[in-house]
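**Q** Supplied in structure tokens, the structure appears directly below.
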Amino acid sequence: MVGTASFVQNLGNSVKKVSDSKSSSWWYNHHMRAASRAIFQRIPLVDLVLEVRDARIPMSSEYGQLRYFPSSSRNIIILNKMDLADRSKTKEWMAYFKERNYIPYAINSHNKDSIKEFLNFLQARVRDIRRSTHSSDTRTTTVMLVGIPNVGKSAFANSLHQIGRISAAEKGKLKHSTVSPQPGETKNITSLKIASHPNIYILDTPGVLPPKILDAELSAKLALTGAVDDILIDQSELAQYFLSILNLSDEYKNWAKFSTMDDDGAATSVGGSSGGSELHKKENQIVNDHTQDIVVQAVRRALFDEISAFKGNMVDEKDMVQLIEAQFTTVLRKAFNVTSNPCGDATGMVAAKLINLYRTGRLGHYTLDSLPRSHM
């Protein structure tokens, strides 16, 4: 699921241009270079490496430096943000990695039960390693988290730390890693205790991207999922790329219950006298807050109706561009209640709201990477 070619190329080329720019203060800056060296030096010294990937892009979010180290039973691939990905596709990717002798594990770092289950799994792996190497029961085990920016390493480390301390009944002020929706916030390697008996410490490391990205499709996926700082990317390109993915998927069909289609199959206008505006006026709802359920429903309804009523060919590039133009400049403005304002950026506002809803799972669950053809 990669979207329409023109939107992939537009967004991908924008990201590539940033990565090629030597004047960029964010892309592979001195923090990333220093972190990359430090991680490379420490990987051989730790007991386990947890490579955290984004479950929406299981292959595209690979941490390239691990290619320099042989795959072994001491490397575990963590597919984080499983709650945002297509569940059936995540199972397929898990099977794919297992067939290639990797140890995969899918998690939601914000779900306590998911973290508890993984912590039990990790402790069992540590015990197995100790038995196989005849290590002392009192020896401390060190686990390193690695990954590209914004795959959720710090949130994962903090959750493990919190659940681990509660399970071990340890008291005291909680040390934690910095968590931010913006990629690249972690600057240093942080050590957190996550288990006792045996003692296990986890090293949270900064996210590192390769110095350059040559593939436009890969660049587009990294940008859409938030691995690249949004300030570097045209948000309208990001939103249009997402719409090209949504339009080619079946996700919108789940929103049929929100439809305002009449008996003849014609879509009524969201935001009109009988559409979204009535919903927006409900008590205690904030019209301009796109995270309100009533607004999210209006967006789903608008997209469902527009796609369902579309008579063109989705596979045809020109037809897809025509549909996205209508969705982006007319339908979504009404659904989000964004009015044209000479002093404001209506297009940017619509794009930012749409991307936020996608990234928080309010507009469906998408796995952007397809399995290699040889596996399908």
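**Q** For residue 299, all conditions in the list (1) at pLDDT 95 or above; (2) out of contact with any His (no Cβ under 9 Å at 6 or more places or on another chain); (3) under 30 Å from residue 108 (Cα atoms); (4) not hydroxyl-bearing (Ser, Thr, Tyr) hold save one; what is the number of the exception?
**A** Every condition holds for residue 299 apart from (2).
**Q** For segment 140-155, what are the residues that are touching a helix residue (DSSP H, G or I) at 6+ places or on another chain (Cβ under 9 Å) and outside any strand (DSSP E or B)? It would help to see each step written out before you state the result.
**A** Step one: filter segment 140-155 for residues touching a helix residue (DSSP H, G or I) at 6+ places or on another chain (Cβ under 9 Å), giving 141-151.
Once the filter is applied, which keeps residues that are touching a helix residue (DSSP H, G or I) at 6+ places or on another chain (Cβ under 9 Å) and outside any strand (DSSP E or B), segment 140-155 yields 147, 148, 149, 150, 151.
**Q** Could you please let me know if residue 214 is in a loop (DSSP other than H, G, I, E, B) and modelled with pLDDT under 85? It would help to see each step written out before you state the result.
**A** Numbers: in a loop (DSSP other than H, G, I, E, B): yes; modelled with pLDDT under 85: yes.
Judged against the criteria, residue 214 is a match.
**Q** Tell me the residue from 271, 207 that is modelled with pLDDT under 95, at positive phi, in contact with a helix residue (DSSP H, G or I) (Cβ under 7 Å, 6 or more places away or on another chain) and part of a loop (DSSP other than H, G, I, E, B), please. Before you say what the answer is, go through the steps one by one.
**A** Values: 207 fails: at positive phi.
That would be 271, the only listed residue that is modelled with pLDDT under 95, at positive phi, in contact with a helix residue (DSSP H, G or I) (Cβ under 7 Å, 6 or more places away or on another chain) and part of a loop (DSSP other than H, G, I, E, B).
**Q** A follow-up question, please. What about residue 314, is it more than 22 Å from residue 257 (Cα to Cα), surrounded by fewer than 20 Cβ atoms within 10 Å (Cβ to Cβ), in contact (Cβ under 8 Å) with a residue 24 or more places away in the chain and assigned by TED's automatic domain parsing to the domain that holds residue 250? Step through it out loud before you land on a result.
**A** On the way: more than 22 Å from residue 257 (Cα to Cα): yes; surrounded by fewer than 20 Cβ atoms within 10 Å (Cβ to Cβ): yes; in contact (Cβ under 8 Å) with a residue 24 or more places away in the chain: yes; assigned by TED's automatic domain parsing to the domain that holds residue 250: yes.
Yes: the conditions hold for residue 314.
**Q** List the strands (runs of 3 or more DSSP E) inside segment 35-109, counting only whole elements, that have at least 3 residues being under 21 Å from residue 218 (Cβ atoms). First the steps, then the outcome.
**A** Numbers: elements: 48-54, 75-80, 103-106.
Passing ranges, in order: 48-54, 75-80.
**Q** Same structure again: How many residues are surrounded by fewer than 24 Cβ atoms within 10 Å (Cβ to Cβ) and of a type in the set (Ser, Thr, Tyr) if we restrict to segment 199-227?
**A** Within segment 199-227, residues that are surrounded by fewer than 24 Cβ atoms within 10 Å (Cβ to Cβ) and of a type in the set (Ser, Thr, Tyr) number 1.
**Q** Another one. If we scan segment 221-232, do we find a residue that is at pLDDT 90 or above, among the polar types (S, T, N, Q) and not assigned by TED's automatic domain parsing to the domain that holds residue 127? Let's see the steps before the verdict.
**A** First, pick out the residues of segment 221-232 that are at pLDDT 90 or above: 221-227.
So of that shortlist, the ones also among the polar types (S, T, N, Q) come out as 225.
This time we only want the ones that are not assigned by TED's automatic domain parsing to the domain that holds residue 127, so: 225.
Within segment 221-232 (the criterion being at pLDDT 90 or above, among the polar types (S, T, N, Q) and not assigned by TED's automatic domain parsing to the domain that holds residue 127), the answer is yes, since at least one residue qualifies.
**Q** To continue, here is another question. Might you check whether a residue that is at pLDDT 90 or above, more than 23 Å from residue 59 (Cβ to Cβ) and not assigned by TED's automatic domain parsing to the domain that holds residue 229 occurs anywhere in segment 145-153? Working first, answer last.
**A** The initial filter retains those residues of segment 145-153 that are at pLDDT 90 or above, namely 145-153.
Next, from what is left, pick out any that are more than 23 Å from residue 59 (Cβ to Cβ): none.
No, that holds for no residue.
**Q** Something else about it: Restricting to segment 79-110, give me the number of residues that are within 13 Å of the chain's Cα centre (by Cα), crowded, with 23+ Cβ neighbours inside 10 Å and in contact (Cβ under 8 Å) with a residue 60 or more places away in the chain.
**A** 3
**Q** Given the criteria at pLDDT below 95, under 30 Å from residue 247 (Cβ atoms) and not assigned by TED's automatic domain parsing to the domain that holds residue 221, does residue 3 qualify? Quick ask: steps written out before the conclusion?
**A** Numbers: at pLDDT below 95: yes; under 30 Å from residue 247 (Cβ atoms): yes; not assigned by TED's automatic domain parsing to the domain that holds residue 221: yes.
In short, yes.
**Q** Just need a number here: residues in segment 155-183 that are modelled with pLDDT of 90 or more and in contact with a strand residue (DSSP E or B) (Cβ under 7 Å, 6 or more places away or on another chain).
**A** Count: 4.
The values are calculated or read from the model by the stated rules, or taken from the named source; none is laboratory data. Computed from a predicted structure; not experimentally measured. Note that each Cβ is placed from the backbone with ideal geometry, even for glycine, and that neighbours are counted across all protein chains shown.
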